[in-house]
Amino acid sequence: MLKPAIDLSRGLMLFKETFTQYGALSTILQGLSIKIFGEYLIVIRMLTALFYGLIAVELYFIWSKLLPKALAFLSVLIWIFLAPYFMLTFLPWPSVYALSFQCLAIIYMLKFSENNNQLDLLLVGAASALTFWTKQNVGFYTVLGSVFSLMILNAIKKRKKNILDSIINYFIGVLMVSVPLIAWILFNGAIVDWIKQSVIFSSYWVSINDKVNVFESIFPHAMGSISVWAIIPVIVLIFIAQELYKKNNKNLILLIVCLFSVFSLLQYYPITDIRHLYWSATPAIGVVIYFLYQQIFGKLTIKRYLISRIFIFLLACTAIFGLDIANRISIGITRIFLPYQIISEPSVVRNIKLTKEEAEFYSDTYKTINQYIKIHGQTNFITIGANALYLTYTKSTNFHPMYVNWKSINESIYKDYPRIKDNYIKDHKPIIIAMWDQIPADYCRINDLVNQADTAFLAVPCENTK
């Protein structure tokens with residue numbers, strides 16, 4: 001995420017001159033933040049933290065329409081403590097920005113269901129487009145959730161004549177955001193690269209995971225006896241069926257949230273890890289709390305047994321969410337007290353907590369690159385490995401839009417990459433951050449360190465090591 005953001009902030013054209021794996025808007029947001037606050041990894045992490053905070057506010061607004069305010073607040077707390085960053089590296093991922101815009105689409109769809117204001121519908125479309133331009137698949141699922149919500153709303157309210165108008169207004173909102181971005185890409189000659197990177201490359205992820213079991217993805221295994229991630233799809237589907245088959249008194253707020261949620265849950269497939277589970281299931285976490293609330297308090301007309309019901313409710317929440325939350329808190333506390341180090345160079349990782357091995361490798365690699373340039377003159381620095389972070393250590397020129405070597409993935413969208421890479425190395429003799437199986441002929445290592453995470457090391461023409 002950092003490399004294309006820095007490139008964009010330096011004036012390179014997205015897609016055409018620098019590769020980005022996800023939607024243009026994610027890189028634009030991060031590029032702008034870097035332009036304002038400097039070329040530091042912590043900047044895009046702080047931006048992501050800001051979006052997490054915004055999502056919490058949006059979720060409270062959505063869930064407080066279903067639940068008492070105290071339970072809406074509890075739902076937000078549960079969502080926070082289910083976060084993967086307690087256990088894993090905090091990623092400044094497009095999924096976070098997309099989730100925020102997805103929640104915005106839900107908010108305006110709820111407003112539209114209440115007042116039938118066409119301006120709200122335009123804003124649903126705009127939010128859906130913002131979701132797509134931050135992360136393509138999430139945007140596509142948000143569009144599906146929006147269209148199905150509109151169709152069902154019109155059917156329930158018996159506005160069959162207005163369905164076409166509603167869908168047209170919705171897509172006008174989509175175009176309000178999308179047309180300027182497509183025009184920017186088109187006028188800068190990047191449309192072909194955008195199609196390759198944002199459309200063809202995105203679909204490639206599904207093709208390389210075609211052997212993944214869809215059922216196991218949608219209903220993943222539990223850490224313990226109960227899997228919250230498997231319970232969520234079941235509850236959402238139950239509510240959709242329940243509300244659709246009611247003859248009257250349908251809970252439109254619940255139905256809309258569940259429709260958006262069921263499409264969001266499709267993100268479980270094909271990569272089912274705790275990060276994707278968390279981002280996918282976020283809108284539905286409050287739905288689970290609502291399910292428990294309805295079952296335990298739904299028929300409570302007098303205060304009798306209130307304390308017992310509160311106890312049962314908290315016990316049920318603990319049974320469903322407790323193990324995951326406890327696991328995250330336990331690992332999070334352990335991580336806080338690890339012996340981290342902070343280094344000043346390369347400046348891009350300044351103020352980032354690193355392990356001793358990371359700090360040593362990053363610092364030594366940066367110094368070695370600069371020492372080599374002092375002796376041999378200005379030399380470009382490239383990677384023929386998979387990790388783009390190294391390219392942010394010092395200013396480097398992209399010899400191809402694809403600045404990393406992802407092997408078969410590269411070749412699926414840029415078949416010319418291997419040839420251009422080999423010719424560039426032959427003609428320009430750059431400094432290379434290489435990997436064991438990729439070091440070119442006539443290249444030799446110039447330091448003793450290897451980053452064990454990806455077996456990366458520095459290499460230069462052997463003639464310059466004598």
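The values are calculated or read from the model by the stated rules, or taken from the named source; none is laboratory data. These numbers come from a predicted model, not from an experiment. Every residue, glycine among them, receives a Cβ derived from its backbone with ideal geometry; neighbour counts consider all protein chains shown.
For Glu39, the test of being outside the structural domain of Thr392 (by TED's automatic domain parsing), surrounded by fewer than 23 Cβ atoms within 10 Å (Cβ to Cβ), closer than 24 Å to Thr383 by Cβ and in contact with a helix residue (DSSP H, G or I) (Cβ under 6 Å, 6 or more places away or on another chain) is passed. Taking the numbered list (1) in a helix (DSSP H, G or I); (2) at pLDDT below 95; (3) surrounded by 15 or more Cβ atoms within 10 Å (Cβ to Cβ) in turn, Leu314 passes all entries but (3). Pairs linking a residue in the stretch 42-53 that is among the charged types (D, E, K, R) to a residue that is outside any helix (DSSP H, G or I), with Cβ atoms under 7 Å and 6 or more positions apart or on different chains, are Arg45/Phe90; Arg45/Pro92.
Would it be correct to say that Leu99 is under 24 Å from the mean Cα position of the chain (by Cα), farther than 30 Å from Trp184 by Cβ and in contact (Cβ under 8 Å) with a residue 40 or more places away in the chain?
Criteria not met by Leu99.
Pairing residues of the stretch 324-343 that are assigned by TED's automatic domain parsing to the domain that holds Ile231 and without any contact (Cβ under 8 Å) to a residue 12 or more places away in the chain with residues that are loosely packed, with under 12 Cβ neighbours inside 10 Å and not β-branched (Val, Ile, Thr), at Cβ distances under 8 Å and at least 6 apart in sequence or on separate chains, gives no pairs at all. Can you name the number of the only condition in (1) modelled with pLDDT of 95 or more; (2) surrounded by 23 or more Cβ atoms within 10 Å (Cβ to Cβ); (3) not in a helix (DSSP H, G or I) that Tyr22 fails? Single failed check for Tyr22: (1). Residues of the stretch 439-466 that are over 21 Å from Tyr372 (Cα atoms) and either of a type outside the set (S, T, N, Q) or surrounded by 15 or more Cβ atoms within 10 Å (Cβ to Cβ) (or both): Ala453, Asp454. Report yes if Ala441 is over 23 Å from Thr355 (Cβ atoms), of a type outside the set (Ser, Thr, Tyr), assigned to a loop (DSSP other than H, G, I, E, B) and at pLDDT below 90, otherwise no. Spelling it out, Ala441 is indeed over 23 Å from Thr355 (Cβ atoms), of a type outside the set (Ser, Thr, Tyr), assigned to a loop (DSSP other than H, G, I, E, B) and at pLDDT below 90.
Every condition in (1) over 21 Å from Gly286 (Cα atoms); (2) surrounded by fewer than 24 Cβ atoms within 10 Å (Cβ to Cβ); (3) among the polar types (S, T, N, Q); (4) in contact with a helix residue (DSSP H, G or I) (Cβ under 7 Å, 6 or more places away or on another chain) is met by Thr134 except one, and the failing one is (2). The single residue among Leu54, Leu32 that is under 30 Å from Leu323 (Cβ atoms), surrounded by fewer than 20 Cβ atoms within 10 Å (Cβ to Cβ) and out of contact with any Phe, Trp or Tyr (no Cβ under 8 Å at 6 or more places or on another chain) turns out to be Leu54. Considering only residues in the stretch 109-131 that are buried (at least 24 other Cβ atoms within 10 Å of the Cβ) and hydroxyl-bearing (Ser, Thr, Tyr), the one that is nearest to Val199 (Cα to Cα) turns out to be Thr131. Restricting Glu114, Glu58, Glu39 to residues that are in a helix (DSSP H, G or I), acidic (Asp, Glu) and at pLDDT 95 or above narrows the list to Glu58. Restricting Asn169, Asn154 to those that are among the polar types (S, T, N, Q), in the same structural domain as Gln242 (by TED's automatic domain parsing), assigned to a helix (DSSP H, G or I) and over 26 Å from Lys247 (Cβ atoms) reduces the list to Asn169.
If you go through the stretch 390-404 and keep only what is closer than 13 Å to Asp416 by Cα and surrounded by 21 or more Cβ atoms within 10 Å (Cβ to Cβ), you end up with Pro401, Met402.
Scan the helices (runs of 4 or more DSSP H) fully inside the stretch 343-428 and keep the ones with 2 or more residues being basic (Lys, Arg).
Where helices (runs of 4 or more DSSP H) fall fully within the stretch 343-428 and carry at least 2 residues being basic (Lys, Arg), they are 356-376, 417-428.
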